[in-house]
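The values are calculated or read from the model by the stated rules, or taken from the named source; none is laboratory data. These figures come from a predicted structure and were not determined experimentally. Glycine also receives a Cβ, built like all others from the backbone with ideal geometry; neighbour counts cover every protein chain displayed. The accessibility values were calculated without ligands, DNA or RNA, using every heavy atom of the protein model including side chains. Shrake-Rupley method; radii C 1.70, N 1.55, O 1.52, S 1.80 Å.
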2 protein chains.
Amino acid sequence: MDEVHIRTRRDHASEIAEDYVEAIAEFVAVKGSCRSVDLAECFAVTPATVNNTVARLVRNGLVITAPYQPIGLTSKGRKLALKCKERHEVVNAFLIAIGVDAGTAAADSEGIEHHISKTTLAAMKKILADGWPAISIAIEKQNE
Amino acid sequence: MDEVHIRTRRDHASEIAEDYVEAIAEFVAVKGSCRSVDLAECFAVTPATVNNTVARLVRNGLVITAPYQPIGLTSKGRKLALKCKERHEVVNAFLIAIGVDAGTAAADSEGIEHHISKTTLAAMKKILADGWPAISIAIEKQNE
DNA sequence: TGAAAATTTTAGCCTTGGCTAATTTATTGG
DNA sequence: CCAATAAATTAGCCAAGGCTAAAATTTTCA
Ligand SMILES: [Mn+2]
Ligand SMILES: [Mn+2]
Ligand SMILES: [Mn+2]
Ligand SMILES: [Mn+2]
């Protein structure tokens with residue numbers, strides 16, 4: 001039972017990093033660059049908190065900064081951002097597919113995304129693409 | 001966009017409390033009482049960490065303790081434990097229903113559970129009971 | 001251009017949730 | 001019954017992730 005909690009703690013440790021690289025990539029994509037204020041507004045934290053966090057991401061090799069300059073991603077950061085964005089979108093779409101309204105799906109998926117294994121992500125993608133498992137079985141039986 | 005992250009941070013703040021009350025209720029149910037060692041083993045943390053955390057849960061009115069005595073729940077704690085256990089089980093069952101293996105479902109649900117809103121929980125329960133939304137539509141169409 | 005506003009950084013504080021090491025208290029077996 | 005073992009507590013440490021307040025820098029615009 002305990003490896004389960006170790007997994008969950010590991011997920012949490014990378015959670016903020018994942019949200020930051022995803023947000024930075026998004027700001028760069030839609031408005032050309034990402035500034036501290038953007039992240040502060042986006043996460044509803046103070047600029048001081050952004051500074052602390054960004055410093056840690058730099059230490060971890062995900063982000064590049066220079067004093068008073070925009071915040072950019074390393075190639076490692078971009079790669080992580082891409083993976084997280086895709087996973088986030090799948091989780092969000094899946095929640096909507098099971099009948100959750102868009103606002104709730106957006107809120108829930110923001111937390112859920114970080115705890116989705118490759119296996120569960122694959123299961124969600126499969127259902128989004130092929131429909132519910134039982135349907136396939138039913139169709140197979142029909143085609144017998 | 002930022003209320004979403006405020007929600008996620010609030011979920012995290014109560015996450016450990018939720019896991020602890022759930023575990024305490026479980027130990028009481030299956031072996032009559034819950035001791036520090038039980039929780040330390042269960043969460044893969046040191047006894048010192050359990051002590052810290054339990055002290056905070058006492059401050060928050062979820063847990064009762066006396067020195068060198070077993071750990072118990074207040075009625076507030078029991079109520080929370082019940083709610084969390086049910087939610088946890090629904091999430092776990094739902095993951096299995098979408099084709100995830102039991103081991104992965106157990107691991108993923110441990111983190112996911114804390115980020116599931118009432119709305120999403122209801123959607124999962126409905127599907128576990130009634131099947132996938134599209135099926136109902138198909139059946140309705142068949143019955144026309 | 002130069003003063004005001006916006007942005008970024010720094011310093012210092014807090015809580016949570018981890019840890020180790022040492023001590024204290026309970027439990028158990030010979 | 002008491003010594004060894006087990007369990008619980010205490011003390012002191014750390015990093016993450018929040019905050020406020022103040023200082024420094026950059027940008028804007030009258
Ligand atoms: Mn995300
Ligand atoms: Mn997120
Ligand atoms: Mn989480
Ligand atoms: Mn959990």
Yes or no: region A:98-108 includes at least one residue that is touching a Pro at 6+ places or on another chain (Cβ under 9 Å) and within 12 Å of chain B (Cβ to nearest Cβ). yes
Failed item in (1) within 16 Å of ligand 3 (Cβ to nearest atom); (2) among the hydrophobic types (A, V, I, L, M, F, W, C); (3) open to solvent by 50 Å² or more (accessible area, probe 1.4 Å); (4) more than 18 Å from the chain's Cα centre (by Cα), with A:A13 passing the rest: (4)
Step by step: first the residues of region A:25-39, then only those that are within 15 Å of ligand 2 (Cβ to nearest atom) and within 14 Å of another protein chain (Cβ to nearest Cβ), then the one that is most open to solvent (accessible area, probe 1.4 Å). Which residue is that? A:E26
Report whether or not B:A55 is within 11 Å of another protein chain (Cβ to nearest Cβ) and either modelled with pLDDT of 95 or more or within 16 Å of ligand 3 (Cβ to nearest atom) (or both). no
Hey, any hits in region B:130-140 for a residue that's surrounded by 14 or more Cβ atoms within 10 Å (Cβ to Cβ) and either modelled with pLDDT of 95 or more or touching a Phe, Trp or Tyr at 6+ places or on another chain (Cβ under 6 Å) (or both)? yes
Residues in region B:25-43 that are in a helix (DSSP H, G or I) and within 11 Å of DNA strand C (Cβ to nearest atom) total 3
Does A:E22 satisfy the criteria of being touching a Lys or Arg at 6+ places or on another chain (Cβ under 6 Å), within 14 Å of chain B (Cβ to nearest Cβ) and either hydroxyl-bearing (S, T, Y) or more than 8 Å from DNA strand C (Cβ to nearest atom) (or both)? yes
Test A:T65 against the criterion of being near DNA strand C (Cβ under 9 Å from one of its atoms), within 14 Å of chain B (Cβ to nearest Cβ) and among the hydroxyl-bearing types (S, T, Y), and give yes or no. no
Restricting region A:63-100 to residues that are open to solvent by less than 20 Å² (accessible area, probe 1.4 Å) and part of a loop (DSSP other than H, G, I, E, B), the one nearest to ligand 1 (Cβ to nearest atom) turns out to be A:V100
Residue satisfying all of: in region B:1-10; open to solvent by 80 Å² or more (accessible area, probe 1.4 Å) and farther than 16 Å from A:A13 by Cβ; farthest from DNA strand C (Cβ to nearest atom) among these: B:E3
